[in-house]
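Participant: Here's a structure for you.
The values are calculated or read from the model by the stated rules, or taken from the named source; none is laboratory data. A quick note: this is a predicted structure, and the numbers were derived from the prediction, not measured. Using ideal geometry, Cβ is built from the backbone for each residue, glycine included, and neighbour counts are taken over all protein chains shown.
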Amino acid sequence: MQELMLRPTIYRFQTCQEFVDQYHIGEGDLILTNEFIYEPLNLGCDVLYQEKYGAGEPTDVMAEAIARDMNPNAKRIIAIGGGTIIDIAKILALDSILPIEDLYDGKLPIKRTKELVLVPTT
């Protein structure tokens, strides 16, 4: 049995701009979010909108399509949104994820190679 323990660090910001300034969001970052959240930000980083890939609970098809469209050189995955966005971002932070079925079946190593920043909005 493999034991897993996570101790997240929680930060609170009064405004989105405070978050952007603290994390120096820009080139090399990939934001996964919804268009209505990101539209006012315009940060100059890579952005993928989850709703362009489907609605509702995350599916393998949705996650694989997002993974294929993401910049493979992204150093940091920033998820701003609800459960579907956060769940998909966790997968995108891994090194080898395609096909996702192989990841779930244990045929691909679970190795995180990108920093993961989660900003829940729910």
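Participant: Could we say that I25 is over 26 Å from L108 (Cα atoms) and of a type in the set (V, I, T) here? First the steps, then the outcome.
Facilitator: Working: over 26 Å from L108 (Cα atoms): yes; of a type in the set (V, I, T): yes.
Considered against the rule, which asks whether it is over 26 Å from L108 (Cα atoms) and of a type in the set (V, I, T), I25 comes out as yes.
Participant: Moving on to the next point. Scan G44, G54, G28 and give me the residue that is in contact with a Lys or Arg (Cβ under 6 Å, 6 or more places away or on another chain) and over 21 Å from L6 (Cα atoms).
Facilitator: Details: G44 fails: in contact with a Lys or Arg (Cβ under 6 Å, 6 or more places away or on another chain); G54 fails: in contact with a Lys or Arg (Cβ under 6 Å, 6 or more places away or on another chain).
Going through G44, G54, G28 in turn, the sole match is G28.
Participant: Out of curiosity, is T33 modelled with pLDDT of 90 or more and under 15 Å from T121 (Cβ atoms)? Explain how you work it out, then say what you get.
Facilitator: On the way: modelled with pLDDT of 90 or more: yes; under 15 Å from T121 (Cβ atoms): yes.
Spelling it out, T33 is indeed modelled with pLDDT of 90 or more and under 15 Å from T121 (Cβ atoms).
Participant: Among the residues of segment 60-67, is any of a type outside the set (G, A, S) and within 11 Å of the chain's Cα centre (by Cα)? Write out each step before concluding.
Facilitator: If we filter segment 60-67 for residues that are of a type outside the set (G, A, S), which is where we start, we get 60-62, 64, 66.
Filter once more, keeping what is within 11 Å of the chain's Cα centre (by Cα): 66.
Yes, that holds for at least one residue.
Participant: Assuming L4 fulfils every condition listed in (1) loosely packed, with under 11 Cβ neighbours inside 10 Å; (2) outside any loop (DSSP other than H, G, I, E, B); (3) of a type in the set (A, V, I, L, M, F, W, C) apart from one, which condition is it?
Facilitator: (2)
Participant: Residues that are surrounded by 13 or more Cβ atoms within 10 Å (Cβ to Cβ) and either of a type outside the set (S, T, N, Q) or in contact (Cβ under 8 Å) with a residue 12 or more places away in the chain (or both): list the helices (runs of 4 or more DSSP H) wholly contained in segment 26-122 that include at least 3 such residues. Before the answer, list the steps.
Facilitator: Values: elements: 35-38, 60-69, 83-92, 100-104.
Output list reads 60-69, 83-92.
Participant: Another question about this same structure. Count, please, the residues in segment 9-23 that happen to be under 15 Å from N42 (Cβ atoms) and surrounded by 11 or more Cβ atoms within 10 Å (Cβ to Cβ).
Facilitator: Qualifying residue count for the region: 4.
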